[in-house]
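The values are calculated or read from the model by the stated rules, or taken from the named source; none is laboratory data. Predicted model only: the values in this text are computed from it and were never measured. Using ideal geometry, Cβ is built from the backbone for each residue, glycine included, and neighbour counts are taken over all protein chains shown. Heavy atoms of the whole protein, side chains included, go into the accessibility calculation; ligands, DNA and RNA do not. Shrake-Rupley method; radii C 1.70, N 1.55, O 1.52, S 1.80 Å.
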Amino acid sequence: MSNRTARRLAVPAALALTLGLTLTACADGSGDDGAPAGDATTSAGATDDTTTDDTTPDDGGAAEDTSPSASAEPEHRTAAGLLAIATAEKKAGGTAFAIDDPDRDNTWEVDVATGTISIEVEVSADGTEVVRTQEDDLDADDRRALADATFSLTQAIERTVATSGGDLDDAELDEDDGRYHWSVTVLVDGVETDYRVGTQDGKVVQERDDD
């Protein structure tokens, strides 16, 4: 073999040896700095180790309703009577002009004017429930008096009770010598006392016996 041929064979062999060493180094997983690739720590891995507080403060649930009950029974007779008037007016759709006490049959009897009709509405003793209704004709003079009145039956009762310190017994639209007024009877220390209340000015005057 000639020297030229030997040199040609030696060069490829040297290249093959160099390439083999390079591939071996890459297969070992070493980087340029010599640190194993598997030792690298990513920021995503650090994030996965954190925990979040998923607890929420206890709000105690819905707020408790401490408002007074709308169906609470009235504390005394006057309150029950006034409630009975409101109940009767709502039922009949008119204006109350008389109320009688519940002593006889344990119901208030409230007369309500609506147009040319008078509707008697019986209301439970506590003033909350309608028991019965009955229609009748309404006197023309009573209709005019009610139309002219600026002071209602309810207002007459409230003012009389405040003036006398008593409790409601009964009340009605009344007439004396062609002049109309509210006649209100209250119980003061168990004694019936009559008052007259103006339908225009609401003036309260105690009735006196002539004798």
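Quick notes on this one:
- Top-ranked residue in segment 163-182 [being of a type in the set (D, E, K, R) and closer than 19 Å to Ile85 by Cα; ranked as least open to solvent (accessible area, probe 1.4 Å)]: Asp169
- Selection within segment 119-150 - charged (D, E, K, R) and assigned to a helix (DSSP H, G or I): Asp141, Asp142, Arg143, Arg144, Asp148
- Residues that are among the acidic types (Asp, Glu), in contact (Cβ under 8 Å) with a residue 24 or more places away in the chain and more than 16 Å from Glu172 (Cα to Cα) within segment 95-146 comprise Asp126, Glu129, listed in sequence order.
- Subset of segment 195-204 (residues that are under 18 Å from Gly165 (Cα atoms) and open to solvent by 70 Å² or more (accessible area, probe 1.4 Å)): Arg196, Lys203
- Per the listing Gly94, Gly190, the residue uniquely among the small types (Gly, Ala, Ser) and at pLDDT below 95 is Gly190.
- Some residue of segment 142-159 being farther than 29 Å from Thr116 by Cα and at pLDDT 95 or above: no
- Residues satisfying the stated conditions in segment 130-162, i.e. within 17 Å of His76 (Cα to Cα) and either open to solvent by 80 Å² or more (accessible area, probe 1.4 Å) or in contact with a helix residue (DSSP H, G or I) (Cβ under 7 Å, 6 or more places away or on another chain) (or both): Thr154, Ile157, Glu158, Arg159, Val161, Ala162
- The residue that is most open to solvent (accessible area, probe 1.4 Å), counting only those in segment 183-192 that are closer than 18 Å to Ala79 by Cα and of a type in the set (Val, Ile, Thr), is Val188.
- When Ala88, Ala113, Ala84, Ala98 are screened for being crowded, with 19+ Cβ neighbours inside 10 Å and in contact with a Lys or Arg (Cβ under 8 Å, 6 or more places away or on another chain), only Ala113 passes.
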